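J.: Questions regarding the structure given below will be posed in turn.
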Amino acid sequence: MPKIKASWILIGVAVIAVLWLWSGYNGLVSRDEGVKAQWATVESVYQRRLDLIPNIVNTVKGSAAQDEEIFTQLADARANYAGAGSIDEQAAAATQVESALSRLLVIVENYPTLKSQESFQMLIAELEGSENRISVERMRYNQAVQGYNTAIRKVPTNLIAGVFGFGAHELFEASEGADQAPVVDFEN
């Protein structure tokens, strides 16, 4: 009789271990997919902004034809984003777009008739909305990454993460120099 009891205890322990492994693995998969889905949302709001840029540029071009350099910078920044292969490259390209857009908005300040155009005002309002969405989605992405990275580092889930190859995701961080406003010089 003791052998049968010991066998049941071993079977019970094995079942509990399998259920724990199964649950831990599925939890990590869910968190990992959540991070990926959140980054897709960040990309979606980046795309919304990139889709607005040609409309803003064409509106400004009509009034500010001599400021061709900023339009080239915006086009280059959009192309860099489209060609980015990793999250870090996309984030750097997005920062480049933000910098070019801020220079464009400085140019607009020199063209009061452009600022008063209803279509331009609507485009700028849409762009501001996009920027707010980007900020919110970046924050949500970082929260998802933080939750996932914390889970893969905690005991005992770190054992499952190590066995099945779950690696850390990178947080979205502003690129170096993003804390400084761009300098726009109309003197040169």
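Any read-out appearing in this document is the output of simple, stated calculations on the displayed coordinates, not a laboratory observation. What you see is a predicted model; the values in this text were computed from it and never measured. No Cβ is skipped: glycine too gets one built from the backbone with ideal geometry, and neighbour counts run over all protein chains shown.
J.: Go ahead and collect, in residue order, the members of segment 22-41 whose backbone nitrogen is under 20 Å from a label point 7 Å along the Cα-Cβ direction of VAL163.
T.: 22-33
J.: Something else about it: In segment 2-164, how does Rg compare with the Kirkwood Rh, expressed as the Rg/Rh ratio over alpha carbon atoms?
T.: Numbers: Rg = 25.2 Å, Rh = 19.3 Å.
My calculation of the ratio gives 1.31.
J.: Report the paramagnetic label zone for ASP51: residues of segment 127-143 whose backbone N is under 20 Å from a point 7 Å from Cα along the Cα-to-Cβ axis.
T.: 127-138
J.: For an R0 of 41 angstrom, estimate the FRET efficiency from the Cβ-Cβ distance between LEU105 and ASN26 and round to the nearest 0.05.
T.: It comes out at approximately 0.30.
J.: Starting from the Cα-Cα distance between ASN80 and SER7, subtract it from 0.36 nm times their residue separation and give me the gain in nm to one decimal.
T.: Gain on extension, ASN80 to SER7, equals 20.0 nm.
J.: Along the Cα→Cβ direction, 7 angstrom out, place labels at ALA17 and GLN121. What is the inter-label distance in nm?
T.: 7.1
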